[in-house]
Structures are given as structure tokens and as C-alpha cells.
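See structure below.
The values are calculated or read from the model by the stated rules, or taken from the named source; none is laboratory data. Computed from a predicted structure; not experimentally measured. Positions of Cβ are generated from backbone atoms using ideal geometry, with glycine treated the same way; all protein chains shown enter the neighbour counts. All accessible areas refer to the heavy atoms of the entire protein, side chains included, with ligands and DNA or RNA removed. Shrake-Rupley method; radii C 1.70, N 1.55, O 1.52, S 1.80 Å.
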Amino acid sequence: MGVIEKSIERKLEERRSAGNYRALKRESTLIDFCSNDYLGFSRSHLLKAMIDEEVNLHHIISNGSTGSRLLTGNSFYIEELEKQIAAIHNCEACLIFNSGYDANLGLFSSLPQRGDTIITDELIHASIIDGARLSYANRYTFKHNDLRSLEDKLKQARGNCYVVIESVYSMDGDTPPVASILNITEKYNAALIVDEAHAVGLHKYGLIDETTNTRIFARIVTFGKALGCHGAAVIGSNLLRNYLINFARSFIYTTAPTLHHFASIKMAYKLLANADNEIAVLKSNIALFKQQIGQCVKSSLIGSDSAIQCLVLNSNERATALASELQQCGFDVRAILSPTVPVGGERLRICLHAFNTESEIISLTENINRFIND
């Protein structure tokens, strides 16, 4: 084994020793309490039929896009879809990226410049952190959902300042005080950017409503969670869209998705427009889960009204043990280990869906309660 291979193996052994070695999981046959498919769109036969009809209607037959959108990968169909999505979210424009990671990487690596400032919540998604690292801007984090901590950082900001939050946090499931954060950012002439990845679906088109969306600089919505397909969009002004087309490297230097991909997004939005019943069932399932969790467990449950319910178990070993026990009982629940979350914050991340039945949720909570009581 050469020097490079030994170095790689050493890093992997460190992960194994710490109990947080990652391995790919195959598709599970267990009851889904793990995926981000909140409304069940990814398994929807109706959505599949709608996509097939759209593809046939527009004679979409190409197997690939053949190039980036700045070369041969663009079309009238895609640009019209972007206009439709922007209108749905009550904004001027949007630009579709291949994934949520690409969207955040492109936005935060290109927009802030040397001498500017990016201030993020300490629990912000890794894709935003990576994008910010690629910029030359000054970077600060503030304590999670802490307005005083945010204001302290804003007082240190230089140049153009961008404050970044999620409307539903991916690893805690909680929601920030958006209106209060917006008031503070405006006080310091900072621009607020909101990642809505986990809010779309439960809050239909996102948590940001018509009264505040014009005051928010940009939003990121993703299509691979409640919408059940793939990709993401940065939503904002025409000026921002044109800027990203010219400077976002994750948009410029990548092959565009196929037209089938865009047809899937279009039909998912069409299905979402009529998904009030599924959203109501999802909200009812969230309430049922929280009601059935035992009193001794609730102290370990992070406060959340979203589809993401997290049970903090404080160690990789304990989180792994409960996940394994639940999987043996037929439930697909995964442990979230450090370093994905900080040491001491190891947890089960339980995702509820519109397709989960009451009996499945009750059985899941009974098994969790029994494990904690033991």
C-alpha cells in the first residue's frame, strides 16, 4: 500500500473507531420514516402518469441535454417553467439548478465578494457552508435562532452583508423567527436569504408568505423532497437570475438535466396545487406522533412542528442502537451521527409523511417509548 492509500485508510479507520463510518444504504423495504418524501410524490402513480402525458404531449424523446444551458442544454420549455415557478412563489424570476447543493454552492460562492460578509445560523446546511467557503467574503455564524447573537454579528459586518437561514432546519426540524430576523437584517441594511428546502410541501409553497417575500433577497426551493423529483431553484429578482447565469460556476460548468427532468418538476408543481388533502393528512400525522411520544421521551425531542422530528440520544452508540432496534421492528429510521451533527447531538431523525398510517405511527412511538424506558 502506497503513502496516499495509507493516508486514506488512516482517515477511514478514524471514522470507524469513532463509530461514525458512513456506508451507502440500498433501497429499503421497511416502513418509511426516513425519507424526505413528505407528501408521497416520489411514489405517486398519478404524478408518474402526469409526467408521461407531459412528455408525450411535447414529444420529449431526447436521452440527454447534450450540454450546459449556456450551450445546447437550454430550451423555451425550461425558461417558461422558470417563469411559472417564479409566479407561484410570487417573485420576479428563478433559475433552476441540477440540485439543492449546486444551487447553494453557486449562489454563495459567486454573490458575496472579497470584503463582504456572510452571516449564517450555526445549523445551516452544509451546502451553504461550502458555498460560503468558496467566496472571499468574511464569514460568521450566530447561535441557532438567537436574535441577540445575530445582531452582535451584524455589528461586525463589513461590505455587503448577507444573512442566511433555513425556514425549516434539516437536522432539527424547527423554524426560526423569520419576521424578527427580517426586521434586524433590515435595520443593518443586510440582505436575507432563506433556504426553503424542507418547508415546501408542509407549507405548500414555503413558509415565506406574500407579505414578506418582497423583503427577502433570495430563496432556495428544492424539488427532491416534498415535490418528489430532483433539482432546485434560486428565486429572486431578474437581476439576480442574470447574475447567476454569468457567475455561478455550478450552473455554468455542468451539463443541464434532460427535458424529462424539467417535465417532472412542472407536473410536481401541478400536483402540489391540488394537494391540500395530503398536506392536511401530513399535519395530522405530525400531531399524532407528538401526542403518542411518551412524557419521558419528550425531553429528548427537539421542538418542531414540521415533518422532521428529532430524538436526541447524545451518543453515536445509543442512536445506532435505537435505529437498529426500530429497523428490526420493520421501521426505516436512521441515526444521524457526529460529525454530521455536533458531538452530544447524535439523534434519530424521524420523517413523517402523508402516506404513513395511524397504526404505523402508533407502533413506531410505542417502540421508541419502550426503548427509552428500558
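May I ask you to verify whether GLY228 is at positive phi and in contact (Cβ under 8 Å) with a residue 24 or more places away in the chain? Break it down into steps so the answer makes sense when it comes.
Values: at positive phi: yes; in contact (Cβ under 8 Å) with a residue 24 or more places away in the chain: yes.
Taking the combined requirement at face value, the residue satisfies it.
With the structure loaded, tell me whether GLY173 is farther than 30 Å from LEU352 by Cβ, at pLDDT 95 or above and in a loop (DSSP other than H, G, I, E, B) or whether it fails that test. Step through it out loud before you land on a result.
Values: farther than 30 Å from LEU352 by Cβ: no; at pLDDT 95 or above: yes; in a loop (DSSP other than H, G, I, E, B): yes.
So GLY173 fails the test.
Do you know which residues across the stretch 182-208 are farther than 16 Å from GLY236 by Cβ and either part of a helix (DSSP H, G or I) or out of contact with any helix residue (DSSP H, G or I) (no Cβ under 9 Å at 6 or more places or on another chain) (or both)?
Passing the criteria: ASN183, ILE184, GLU186, LYS187, ASN189, HIS198, ALA199.
Which of the residues spanning the stretch 330-362 are open to solvent by 20 Å² or more (accessible area, probe 1.4 Å), closer than 14 Å to GLN309 by Cα and among the β-branched types (Val, Ile, Thr)?
If the condition is that a residue be open to solvent by 20 Å² or more (accessible area, probe 1.4 Å), closer than 14 Å to GLN309 by Cα and among the β-branched types (Val, Ile, Thr), then ILE336 is the only one that fits.
Among the residues that make up the stretch 151-158, is at least one of them touching a strand residue (DSSP E or B) at 6+ places or on another chain (Cβ under 6 Å) and open to solvent by less than 10 Å² (accessible area, probe 1.4 Å)?
Step one: of the stretch 151-158, the residues touching a strand residue (DSSP E or B) at 6+ places or on another chain (Cβ under 6 Å) are 153, 157-158.
Among the residues that remain, those that are also open to solvent by less than 10 Å² (accessible area, probe 1.4 Å) are: none.
Within the stretch 151-158, not a single residue is touching a strand residue (DSSP E or B) at 6+ places or on another chain (Cβ under 6 Å) and open to solvent by less than 10 Å² (accessible area, probe 1.4 Å).
Taking the stretch 257-269, which residues are open to solvent by 30 Å² or more (accessible area, probe 1.4 Å) and touching a Leu at 6+ places or on another chain (Cβ under 9 Å)?
Within the stretch 257-269, just LYS266 meets the criteria.
Using the structure shown, decide if ALA157 is in contact (Cβ under 8 Å) with a residue 24 or more places away in the chain, small (Gly, Ala, Ser) and more than 22 Å from ILE308 (Cβ to Cβ). Before the answer, list the steps.
Numbers: in contact (Cβ under 8 Å) with a residue 24 or more places away in the chain: yes; small (Gly, Ala, Ser): yes; more than 22 Å from ILE308 (Cβ to Cβ): yes.
In short, yes.
Within the stretch 204-214, identify whether any single residue is basic (Lys, Arg) and in contact with a Leu (Cβ under 8 Å, 6 or more places away or on another chain), and answer yes or no.
Applying the first criterion (basic (Lys, Arg)) to the stretch 204-214 yields 204.
When the remaining residues are screened for being in contact with a Leu (Cβ under 8 Å, 6 or more places away or on another chain), the result is 204.
Yes, because at least one residue in the stretch 204-214 is basic (Lys, Arg) and in contact with a Leu (Cβ under 8 Å, 6 or more places away or on another chain).
At least 2 residues that are within 15 Å of ALA232 (Cα to Cα), open to solvent by 10 Å² or more (accessible area, probe 1.4 Å) and touching a Ser or Thr at 6+ places or on another chain (Cβ under 8 Å) in each: list the helices (runs of 4 or more DSSP H) lying fully within the stretch 62-148 that qualify.
Ranges flagged: 100-110.
Out of the stretch 1-50, which residues are at pLDDT below 90, touching a strand residue (DSSP E or B) at 6+ places or on another chain (Cβ under 9 Å) and surrounded by 12 or more Cβ atoms within 10 Å (Cβ to Cβ)?
Answer for the stretch 1-50, where residues must be at pLDDT below 90, touching a strand residue (DSSP E or B) at 6+ places or on another chain (Cβ under 9 Å) and surrounded by 12 or more Cβ atoms within 10 Å (Cβ to Cβ): just SER28.
Which ones in the stretch 172-198 are crowded, with 20+ Cβ neighbours inside 10 Å and either under 19 Å from PRO342 (Cβ atoms) or of a type in the set (Phe, Trp, Tyr) (or both)?
Within the stretch 172-198, ASP172, GLY173, PRO176 qualify.
Which residue, of LEU39, LEU24, LEU12, LEU46, is touching a Gly at 6+ places or on another chain (Cβ under 7 Å), more than 26 Å from ALA256 (Cβ to Cβ) and either in a helix (DSSP H, G or I) or of a type outside the set (Val, Ile, Thr) (or both)? Before the answer, list the steps.
Values: LEU24 fails: touching a Gly at 6+ places or on another chain (Cβ under 7 Å); LEU12 fails: touching a Gly at 6+ places or on another chain (Cβ under 7 Å); LEU46 fails: touching a Gly at 6+ places or on another chain (Cβ under 7 Å).
Of the residues listed, the single one that is touching a Gly at 6+ places or on another chain (Cβ under 7 Å), more than 26 Å from ALA256 (Cβ to Cβ) and either in a helix (DSSP H, G or I) or of a type outside the set (Val, Ile, Thr) (or both) is LEU39.
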